[in-house]
Amino acid sequence: MSDVAQISGLVQAMREAQRDWAAQPIEARARLLARVGQRLADRGEELARVVCEETRKAPTDAWFADVVGNAELFSWWTGPGLAAIREQKAPISALKMPGKKATLRYEPKGVIGLITPWNYPAAIPLRTLIPALVAGNAVLFKPSEVTPRTGDLIVEAFQAELPGGLLTVVHGRQEAGEAVIDHADHVVFTGSVATGRKVAVQCAEQLKTVSLELGGKDAAIVLDDCDLDRTVQGVLWGAMANSGQNCASVERVYVQGGIHKRFVEAMVAAAGKITVAPVATDAQDAIVRRHLDDATARGAKLHGTYPGPVILTDVPDDALVMTEETFGPLCPIVSVADSREAIRKANASRYGLTTSLWTQDIPRARTLASQAQTGVVTINNVSFTGAMPFAPWSGRRESGHGVTNSHLAIMEMVQPKFVLFDDAKAPEAWWFPFSDQAVALARQSLAWLTASGLSKVGKTFGLLGMQKKRIAEQKKTMGSGK
């Protein structure tokens, strides 16, 4: 547990370190962060072990989700991903704006407050830590109280290569999280909807920007022309990986009636061949059991026994397991008449994170993808694009707002600054004096801007002549006349 009272002093030191860090060339920052990535890769065995010990997840889950994917995060954000925040020249027309040049710069916001959950205790924080730091920010990081050792291991790797004070870890529960928000310039939060609302309110009261990645109730739509074997394997993994403790887990499956019976039989058989680890906390176990009890009371049939993977059928649409985030190894399967009913039911949720579509009819899949009210749609795959550093990860409605990954995410951690240089000698056309000649020039300018072809060529000469007359008027009236 960290001493919240000391955070203010720590952040003051962080701000001093951040100013020096931001002054370094972006390439220098990238080189140091690339070395951090190698350090974490070298400690892959240790990282996987600690993640398993703290979350109870299977080693395969830990390795693929919390270890292997990190290498690409570092290579992207220390390489191609930097293009998003490099200084750019503005496309200023010499004829429209003579003598002017401009650049668009991206400056760090300062201290990024990062609050992350326990389900992917390495992967989720790294998706923000790396772009935040390479953009020139410092980071005040609060990992979940369930996974403090994973948080410390990550921070150690960064602190071994970076200047002191750039990354500070804070441990604790609600009070620690509130302190992080109070001292940050921008907040990135991943967690539950209930906590996300509180974070949003605290940030709003302080006029701070915030990115919220919250819950999901993600649907898989399985159509009758799918590759059944691959679909069963994919949907089962999407529902049961990490014991279903993933905001992008498949928590609802809508199957076209023609293959519903075969799909259920195949899913039940496949689920019987796997084991899943216990959910990570007693509180999460209680939620899963409540959803199971509610579904049973409403007439649902259970195939399998919890703890363990459970397939549910005959589940009413208003059951908790169909409407609330379960975050456990439960997979309800519902029969639908066609793709229209499937997309309607999939969209009938207060969440909107991801949708997976399983069909070999790609034109139909593209149409459904355009209708899906989620931030991510995968066709014949599921729940993995969050590991792509270039792919935006975002939600709709109660799944939150803001973006993880891609150039859109790093844009939330910088502030644009437009800098214009002018070496023109003449006064601007819209400066004083106001006159009939000025209005005539404005009319001529509009005609030129909206013209095309040969007409524009002719109007160009007329515009240049009027500009000269306007400059002469301004010098005579407002200047020395020389």
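The values are calculated or read from the model by the stated rules, or taken from the named source; none is laboratory data. Quick caveat: nothing in here was measured; it's all calculated off a predicted structure. No Cβ is skipped: glycine too gets one built from the backbone with ideal geometry, and neighbour counts run over all protein chains shown. Side chains included, ligands, DNA and RNA excluded: accessible areas come from the protein's heavy atoms. Shrake-Rupley method; radii C 1.70, N 1.55, O 1.52, S 1.80 Å.
One residue stands out in the range 445-482 among those that are part of a helix (DSSP H, G or I) and among the charged types (D, E, K, R): the one that is nearest to residue 428 (Cα to Cα), namely 470.
Just the residues that are of a type outside the set (A, V, I, L, M, F, W, C) and either closer than 30 Å to residue 391 by Cα or open to solvent by less than 70 Å² (accessible area, probe 1.4 Å) (or both), please, taken from the range 423-450.
First, the residues of the range 423-450 that are of a type outside the set (A, V, I, L, M, F, W, C): 423, 425, 427-428, 433, 435-437, 443-445, 450.
Across the range 423-450, the qualifying residues are 427, 428, 433, 435, 437, 444, 445.
Residue check: residue 128 meets all listed conditions (1) at pLDDT below 95; (2) hydroxyl-bearing (Ser, Thr, Tyr); (3) under 30 Å from residue 285 (Cβ atoms) but one, namely (1). Counted as qualifying within the range 157-255 are the strands (runs of 3 or more DSSP E) with 3 or more residues that are farther than 18 Å from residue 402 by Cβ and touching a residue at least 12 places away in the same chain (Cβ under 8 Å), namely 167-169, 218-222. Exactly one of these conditions fails for residue 416: (1) in a loop (DSSP other than H, G, I, E, B); (2) surrounded by fewer than 17 Cβ atoms within 10 Å (Cβ to Cβ); (3) touching a strand residue (DSSP E or B) at 6+ places or on another chain (Cβ under 9 Å). Give me its number. Going through (1) in a loop (DSSP other than H, G, I, E, B); (2) surrounded by fewer than 17 Cβ atoms within 10 Å (Cβ to Cβ); (3) touching a strand residue (DSSP E or B) at 6+ places or on another chain (Cβ under 9 Å) one by one, residue 416 breaks only (1). Tell me, please, whether a residue that is assigned to a loop (DSSP other than H, G, I, E, B), touching a residue at least 40 places away in the same chain (Cβ under 8 Å), in contact with a helix residue (DSSP H, G or I) (Cβ under 8 Å, 6 or more places away or on another chain) and open to solvent by less than 10 Å² (accessible area, probe 1.4 Å) can be found in the range 261-277. Checked against the condition, which is being assigned to a loop (DSSP other than H, G, I, E, B), touching a residue at least 40 places away in the same chain (Cβ under 8 Å), in contact with a helix residue (DSSP H, G or I) (Cβ under 8 Å, 6 or more places away or on another chain) and open to solvent by less than 10 Å² (accessible area, probe 1.4 Å), the range 261-277 yields no hits at all. From the set of residues in the range 8-55 that are at pLDDT below 95 and over 17 Å from residue 159 (Cβ atoms), which is least open to solvent (accessible area, probe 1.4 Å)? Across the range 8-55, the extreme among qualifying residues is 9. Tell me yes or no: at least one residue of the range 167-174 is within 21 Å of residue 45 (Cα to Cα) and open to solvent by 10 Å² or more (accessible area, probe 1.4 Å). Checked the range 167-174: no residue is within 21 Å of residue 45 (Cα to Cα) and open to solvent by 10 Å² or more (accessible area, probe 1.4 Å).
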